[in-house]
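The values are calculated or read from the model by the stated rules, or taken from the named source; none is laboratory data. Note that this is a predicted model, so its numbers are computed, not measured. Here Cβ is always computed from backbone atoms with ideal geometry, including for glycine, and neighbour counts include all displayed protein chains.
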C-alpha cells in the first residue's frame with residue numbers, strides 16, 4: 001500500500017492540521033475525552049484565523065474551566081462564580097475596540113450567575129458568551145446542576161433528579177433568545193468532526209458579530225462530563241446524543257441578521 | 001484521479017487515551033496502544049497505513065495532540 | 001482652575017471622580033447614596049471625558065464590573081450603602097486578592113439587616129478587618145466633610161494605583177447627604193492606552209507579540225505559591241501602614257483628655273471639645289483620616305499624655321478596639337455612641353466625657 005514513505009508525507013508543505021499556537025503547551029487539566037479541550041481549541045482557532053489575539057480579552061469564572069487562562073494564550077481574567085458576564089460588560093464598555101468573551105459552565109451561567117447572564121444579554125452587551133452545558137457540576141465532584149436532566153443521577157441527586165422537589169432543567173439558552181439584546185443564539189456540540197466544524201462556524205459568526213458591533217452572541221456547547229456521568233468518554237458521548245440532545249436540541253435558536 | 005495519502009503524528013505523552021478519535025476515523029487507522037505513556041494512559045497510535053489526512057481525528061481530539069499531514073500523489 | 005460649588009457630599013464625590021479622570025462607574029441604587037449615580041447619569045460624563053456610567057443589575061454585578069475594568073488598568077469605581085456593601089464583599093475579596101486598584105464608596109447607614117436609611121458608623125469592622133473572606137486589607141479613608149468627599153475620590157484613585165489595592169471611602173449618611181462649600185480640582189485627563197500599558201503592565205490590554213499573556217486572577221492552587229502571595233500582600237499592607245497613615249490632631253498639644261472620632265462623629269466631637277474647653281477641661285480630638293492604616297502611633301503617644309480617652313462612634317463601639325490596642329492598658333478608654341441611625345449631640349458627648357472619663 002505504502003507508495004510513499006511517512007517521512008515524505010510529514011513535510012511542512014503537507015501539514016494540514018496542528019494545534020493552534022493560541023493554545024499553550026501546558027497539558028489540559030481536563031479529564032480524558034472532556035469536550036472542554038475541544039471547545040477551548042475552537043475558540044482559539046477562531047481568534048487565530050481572525051488575527052485578533054492581541055485585541056482579545058477572555059474571562060473564565062469558577063468551574064472546571066477556571067484555569068482556562070493556563071491554556072489560552074491570550075490576556076485573561078479569572079472571575080468569581082457566575083459573574084463573568086458582569087466582568088465582561090465592563091471590559092467591553094471600557095474597551096470597545098477589544099474583543100471580549102466569557103467561557104462559562106452550566107452551574108456558573110445558569111444557576112449562580114443567572115442574573116448576570118440575563119442582564120448582560122438583555123442589555124445587548126457586544127460580547128460573546130461561550131456556554132458549556134454538561135448537565136453537572138464537574139469541578140466540585142458531579143453535583144446536580146440547573147441543567148441536569150430529569151431522573152439523571154448526580155452526587156446530590158443520587159436517586160435521580162426529581163423535578164417535583166428539585167425543579168426542572170433550565171433551558172436558559174431558549175430563555176435568553178427571547179431577549180431583544182441577543183443577536184445570535186445557537187446550540188452546538190463537539191463530539192464528532194461534523195459537530196466540531198459546525199461549532200467553529202458558530203463561534204466564528206459570534207466573533208464576527210462582535211466585530212460588527214451587533215450585540216450579544218451566545219454559543220451553547222452541549223458537552224459530556226464522563227467523570228461526573230461516570231462513563232467512559234465514548235460512551236458518554238453516546239449517552240449525550242441519546243439523552244441530552246432530545247432535551248437540548250442542537251441548532252440555531254435565533255439568528256438576527258439585521 | 002489523484003490519490004491522497006495522509007499521516008498523523010500523535011503526541012503520545014499528552015494523549016489521555018480517551019478514544020474519541022477512534023470512531024471519528026473513516027478508515028479505522030487508530031487504536032489504543034497496549035503500552036502506556038508517562039501518565040499511565042494507553043495512548044492512541046496508528047495501526048495501518050490507510051490514513052487519508054482527513055483530520056477528523058485531530059479536530060475531535062480534546063487535547064489537541066494530533067498533527068495531520070496530507071499529500072496528493074500524482 | 002479650581003472651582004467653588006455648594007454640593008451634597010454624594011454629588012461632590014461623583015463630580016470629583018469625573019475630574020480625577022475616572023474611566024467608569026458601576027453602581028446600583030440604595031439610600032442614602034443614590035445621588036452618586038443620579039448625578040453621574042445627569043452629568044453625561046461620557047460627553048465630558050469619555051467616562052462610562054452604568055447602572056448594574058445588582059451590587060454584586062456592579063463590583064464585578066469594577067473588577068473587570070480595574071483588571072484592564074482603568075480607573076473605575078462603585079458606590080453603595082451598608083447592605084449593598086455587604087453584597088459586594090465577595091467581589092472586594094477577589095479584587096484585593098488579584099491586587100486590582102479601584103475606589104469603593106460606602107455611605108454608611110444603620111444596621112444590621114435592612115436597618116435604617118439614617119447615618120451610622122457600624123461598618124467599621126467590615127471595612128477595616130476584612131469584610132469578605134481571606135487575609136486582606138483595604139485602604140480605608142474616612143471623610144468628615146463634603147470637601148473630603150471630593151478630595152478622597154482623587155486621593156483614593158492615586159493610592160489604589162500606587163499600591164494596586166482597593167480603596168474604601170468610608171463615609172456615612174450625614175456626610176453623603178449634607179451640603180457644604182467644596183473646592184473642586186481641575187479636570188485630570190483619563191489614562192491613555194499608552195499610559196495604561198506603561199503604568200500598569202500587568203493589565204489585560206490584549207496580548208501583543210512582544211510580551212507574555214497577562215492573567216488577572218486570585219487563584220493559585222499551589223499552597224506554597226498561595227502562601228507567598230499572602231506574604232507579599234502582608235508586606236504591602238505594612239508598607240501602606242508605614243507610608244499612608246493620616247490623621248488630624250485638634251487641640252491635642254496641651255490635652256489632658258482625648259476624644260478619638262472619625263467622620264460625622266469627629267465633627268460633633270469637635271464641638272464637644274469646644275464646650276469642654278469652655279468649661280475649663282483641656283480636651284483634644286484625634287481624628288483618624290485613614291482607618292486602615294490606623295493612626296496607632298499617635299494615639300499611643302497621646303496615651304502617655306492624657307488621663308483618659310473617649311471614642312465617639314455611631315455604633316456599639318468598634319473603633320474602640322483599635323484605640324485600646326494602641327493604648328494598651330495605660331489609660332482608661334471608654335466608648336460613647338448612638339445606634340440605629342441616631343447622631344449624638346455634642347452635649348451628649350460632653351455628658352459622656354464627664355460621666356465616663358473626667359468624673360469616672
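The figures follow:
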item	result
Test: residue A:205 is under 27 Å from residue A:30 (Cβ atoms), within 15 Å of the chain's Cα centre (by Cα) and free of Cβ contacts under 8 Å to residues at least 60 places away in the same chain	yes
Residue in the stretch A:24-41 that is in a helix (DSSP H, G or I) and under 21 Å from residue C:88 (Cβ atoms) present	no
Strands (runs of 3 or more DSSP E) completely within the stretch B:19-74 that count 2 or more residues being over 24 Å from residue A:223 (Cα atoms) and within 11 Å of chain A (Cβ to nearest Cβ)	B:66-73
Residues satisfying the stated conditions in the stretch C:299-338, i.e. out of contact with any helix residue (DSSP H, G or I) (no Cβ under 8 Å at 6 or more places or on another chain), within 23 Å of residue C:171 (Cα to Cα) and outside any helix (DSSP H, G or I)	C:316, C:317
The stretch A:122-141, residues that are closer than 19 Å to residue A:236 by Cβ, at pLDDT 95 or above and part of a loop (DSSP other than H, G, I, E, B)	A:134, A:135
Test result for residue A:119, outside any helix (DSSP H, G or I), without any contact (Cβ under 8 Å) to a residue 40 or more places away in the chain and either within 16 Å of the chain's Cα centre (by Cα) or within 10 Å of another protein chain (Cβ to nearest Cβ) (or both)	no
Residues of the stretch C:63-73 satisfying the condition of being at the interface with chain A (Cβ under 8 Å from one of its Cβ atoms) and in contact with a strand residue (DSSP E or B) (Cβ under 6 Å, 6 or more places away or on another chain)	C:65, C:66, C:69, C:71
Residue ID - surrounded by the fewest Cβ atoms within 10 Å (Cβ to Cβ), chosen from residues in the stretch C:49-62 that are more than 7 Å from chain A (Cβ to nearest Cβ), out of contact with any helix residue (DSSP H, G or I) (no Cβ under 6 Å at 6 or more places or on another chain) and free of Cβ contacts under 8 Å to residues at least 40 places away in the same chain	C:55
Scan of the stretch C:214-265 for residues that are away from chain A (no Cβ under 14 Å), assigned to a loop (DSSP other than H, G, I, E, B) and buried (at least 16 other Cβ atoms within 10 Å of the Cβ), ordered by number	C:245, C:251, C:252, C:255, C:261, C:262
Scope the stretch B:1-18; condition part of a strand (DSSP E or B) and either more than 9 Å from chain A (Cβ to nearest Cβ) or under 13 Å from the mean Cα position of the chain (by Cα) (or both); matching residues	B:4, B:6, B:7, B:8, B:9, B:10
Selection within the stretch A:50-77 - touching a helix residue (DSSP H, G or I) at 6+ places or on another chain (Cβ under 8 Å) and within 14 Å of chain B (Cβ to nearest Cβ)	A:64, A:65, A:68, A:71, A:72, A:73
Residues within the stretch B:41-70 that are modelled with pLDDT under 95 and either under 15 Å from residue A:32 (Cα atoms) or crowded, with 19+ Cβ neighbours inside 10 Å (or both), tallied	0
Test: residue in the stretch A:78-88 that is facing chain C (nearest Cβ under 7 Å) and either out of contact with any strand residue (DSSP E or B) (no Cβ under 9 Å at 6 or more places or on another chain) or in a loop (DSSP other than H, G, I, E, B) (or both)	yes
